[in-house]
Amino acid sequence: NVPGSSIGVDALPIRESLRGKSAYGAPQLSVPVQLNTNENPHPPTTALVDDVAESVREAARELHRYPDRDAVALRTDLAAYLAGQTGVPVTVDNVWAANGSNEILQQLLQAFGGPGRSAMGFVPSYSMHPIIADGTQTDWLPIFRRADFALDVDAAVEAIRARRPDVLFVTSPNNPTGHSIGIPELRRILDAATGIVIVDEAYAEFSDAPSAMTLIEDYPSKLVVSRTMSKAFAFAGGRLGYLAAAPAFIEALLLVRLPYHLSVVTQAAARAALRHADETLASVHALAAERVRVSKALEDAGFRVIPSDANFILFGEFTDSAHAWQAYLDRGVLIRDVGISGHLRVTVGLPAENDAFIAACDDLARTEL
Ligand code: PMP
């Protein structure tokens with residue numbers, strides 16, 4: 001007897017293009033080993049927690065006022081981090097921030113997509129790209145990757161020339177397959193592009209491949225590099241994504257962002273977390289080493305492993321991946337069915353979590369599959 005529960009979404013005058021679509025839906029289950037959403041499994045240090053708490057306490061004195069609408073201090077800190085990490089001398093004018101990189105991507109499509117416009121992506125890739133396209137009424141143009149999930153640059157260039165998308169998504173390292181794109185290949189794509197190119201680098205810190213940011217100077221009217229504090233920075237709950245691009249892009253986004261979108265609390269907490277970047281990012285090396293260990297264990301157990309540059313691994317092959325996903329869950333290990341036939345994705349966790357996953361793999365290889 002929830003008031004109004006007699007009607008379903010179909011009874012609402014929802015936009016036709018949204019009818020029958022599914023919402024983003026990584027299951028949030030309480031399971032001993034959660035390796036399904038590509039978070040950093042290392043909890044924040046006590047020093048970071050204390051700094052966040054003290055910074056938010058200080059910021060709370062200003063809660064009766066709206067926050068800095070342009071988040072200048074936070075963007076300045078992000079620019080300093082990016083310049084250090086990539087060697088590209090970006091400043092506050094090159095950087096924009098929002099509540100997670102999902103909001104960054106949505107703002108970009110609000111400004112550069114929309115009715116009568118199209119966005120192209122190389123699938124399988126991040127499931128939110130088409131969902132954000134739908135939400136902004138941007139036509140979605142999926143182009144398939146090769147059978148080994150690598151991006152086929154010749155096919156990409158051909159598709160770009162034929163379809164002339166207004167927005168192009170290149171995810172590097174790609175979620176859920178783990179491949180990075182090289183700078184020469186990216187140049188070919190940028191040269192062919194007629195619209196903007198969003199390089200989604202949510203997992204950049206896990207990869208040794210150079211950042212697309214090195215190309216901003218050469219492609220100022222095309223290239224946007226999207227990043228997040230959700231992965232390597234272990235700040236998924238803090239909700240902070242950002243981008244680097246020519247300053248003109250930030251001017252464009254000011255036209256679509258909601259005023260005061262980043263709360264006083266978010267800005268203070270993110271700045272505190274950035275002050276501890278060195279200690280947080282130390283976990284990236286440990287996770288990369290665990291990725292190698294888990295990949296090897298999977299291979300030894302007879303699975304197909306897609307080589308990964310990120311903090312997750314796509315593996316198979318299963319005759320029935322939905323059944324296999326459930327079999328892992330029955331053994332207390334939550335991984336991800338990303339909708340690729342015969343494959344599942346596991347996030348690299350803490351050593352003990354990875355041990356539990358490997359034990360489940362060995363068990364499954366022996367019994368079920
Ligand atoms: N891009 C990619 C490729 C991702 O995998 C994710 C998170 N799964 C995001 C963007 C969005 O992350 P967030 O909104 O937490 O920054």
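Identify all residues within the stretch 218-246 that are over 30 Å from Thr45 (Cβ atoms) and without any contact (Cβ under 8 Å) to a residue 60 or more places away in the chain; write none if there are none.
Once the filter is applied, which keeps residues that are over 30 Å from Thr45 (Cβ atoms) and without any contact (Cβ under 8 Å) to a residue 60 or more places away in the chain, the stretch 218-246 yields Asp218, Tyr219, Pro220, Ser221, Lys222, Leu223.
Here is a list: Leu63, Leu105, Leu78. Which entry is over 14 Å from Val265 (Cα atoms), out of contact with any His (no Cβ under 8 Å at 6 or more places or on another chain) and not polar (S, T, N, Q)?
The unique qualifying residue is Leu78.
Is there a residue in the stretch 294-305 that is of a type outside the set (Ser, Thr, Tyr), within 16 Å of the ligand (Cβ to nearest atom) and at pLDDT 95 or above?
No: the stretch 294-305 contains no residue that is of a type outside the set (Ser, Thr, Tyr), within 16 Å of the ligand (Cβ to nearest atom) and at pLDDT 95 or above.
Let me spell it out: the conditions are (1) among the aliphatic types (A, V, I, L, M); (2) away from the ligand (no atom under 11 Å from the Cβ); (3) within 21 Å of the chain's Cα centre (by Cα); (4) within 15 Å of Val123 (Cβ to Cβ), and Leu186 meets all of them except one. Which number is the exception?
Answer for Leu186: the failing condition is (4).
If you take the residues of the stretch 4-23 that are more than 16 Å from Ser127 (Cα to Cα) and in a helix (DSSP H, G or I), which of them is least open to solvent (accessible area, probe 1.4 Å)?
If we take residues in the stretch 4-23 being more than 16 Å from Ser127 (Cα to Cα) and in a helix (DSSP H, G or I), then Ser17 is least open to solvent (accessible area, probe 1.4 Å).
When you scan the stretch 296-310, do you find a residue that is open to solvent by 10 Å² or more (accessible area, probe 1.4 Å), closer than 28 Å to Pro43 by Cβ, assigned to a helix (DSSP H, G or I) and touching a Cys at 6+ places or on another chain (Cβ under 9 Å), even just one?
yes
Looking at the stretch 265-287, is at least one residue hydrophobic (A, V, I, L, M, F, W, C), open to solvent by 30 Å² or more (accessible area, probe 1.4 Å) and in contact with a helix residue (DSSP H, G or I) (Cβ under 8 Å, 6 or more places away or on another chain)?
Looking through the stretch 265-287, at least one residue is hydrophobic (A, V, I, L, M, F, W, C), open to solvent by 30 Å² or more (accessible area, probe 1.4 Å) and in contact with a helix residue (DSSP H, G or I) (Cβ under 8 Å, 6 or more places away or on another chain).
Check whether at least one residue in the stretch 45-57 is without any contact (Cβ under 8 Å) to a residue 24 or more places away in the chain and within 16 Å of the ligand (Cβ to nearest atom), and report yes or no.
no
Among the residues of the stretch 176-192, how many are touching a strand residue (DSSP E or B) at 6+ places or on another chain (Cβ under 7 Å) and of a type in the set (S, T, N, Q)?
1
Just one of the numbered conditions (1) crowded, with 20+ Cβ neighbours inside 10 Å; (2) without any contact (Cβ under 8 Å) to a residue 40 or more places away in the chain is not true of Asn38; which one?
(2)
Considering only residues that are β-branched (Val, Ile, Thr) and open to solvent by less than 10 Å² (accessible area, probe 1.4 Å), which ones fall in the stretch 204-249?
Across the stretch 204-249, the qualifying residues are Val224, Val225, Thr228.
Looking for whichever is part of a helix (DSSP H, G or I) and acidic (Asp, Glu) here; the options are Glu217, Glu205. Which one fits?
Glu205
Could you pull out the residue among Ala73, Ala26, Ala59 that is of a type in the set (Gly, Ala, Ser), under 29 Å from Ile132 (Cα atoms), open to solvent by less than 90 Å² (accessible area, probe 1.4 Å) and not in a loop (DSSP other than H, G, I, E, B)?
One residue alone meets the criteria, Ala73.
Go through (1) over 24 Å from Asn94 (Cβ atoms); (2) at pLDDT 95 or above and name the single condition Asp148 misses.
All conditions are met except number (2).
Go through the stretch 76-100 and count every residue that is part of a helix (DSSP H, G or I), within 16 Å of the ligand (Cβ to nearest atom) and open to solvent by 20 Å² or more (accessible area, probe 1.4 Å).
1
So, restricting to strands (runs of 3 or more DSSP E) that lie completely within the stretch 106-171, which ones have at least 1 residues that are away from the ligand (no atom under 16 Å from the Cβ), within 22 Å of Tyr24 (Cβ to Cβ) and of a type outside the set (S, T, N, Q)?
139-144
Return the pair list, or none, for Cβ contacts closer than 7 Å from residues in the stretch 58-78 that are closer than 14 Å to Ala272 by Cβ to residues that are β-branched (Val, Ile, Thr), at least 6 apart or on different chains.
Filtered contacts from the stretch 58-78: Ala59/Val264; Ala59/Val265; Leu78/Val95.
Consider Leu314 carefully, then state whether it is closer than 22 Å to Asp200 by Cα and surrounded by fewer than 19 Cβ atoms within 10 Å (Cβ to Cβ).
No.
Can you confirm whether the stretch 166-182 contains a residue that is surrounded by fewer than 17 Cβ atoms within 10 Å (Cβ to Cβ) and within 19 Å of Pro307 (Cβ to Cβ)?
yes
Just for the stretch 220-239: of the residues that are assigned to a loop (DSSP other than H, G, I, E, B) and more than 16 Å from the ligand (Cβ to nearest atom), which one is farthest from Ala119 (Cα to Cα)?
Pro220
The values are calculated or read from the model by the stated rules, or taken from the named source; none is laboratory data. This one's a predicted model, so the numbers in the text were calculated from it and none came from an experiment. For neighbour counting, all protein chains shown are included, and Cβ atoms are generated from backbone atoms with ideal geometry for every residue, glycine included. The protein model used for the area step is the full one, side chains on, heavy atoms only, and it has no ligands, DNA or RNA in it. Shrake-Rupley method; radii C 1.70, N 1.55, O 1.52, S 1.80 Å.
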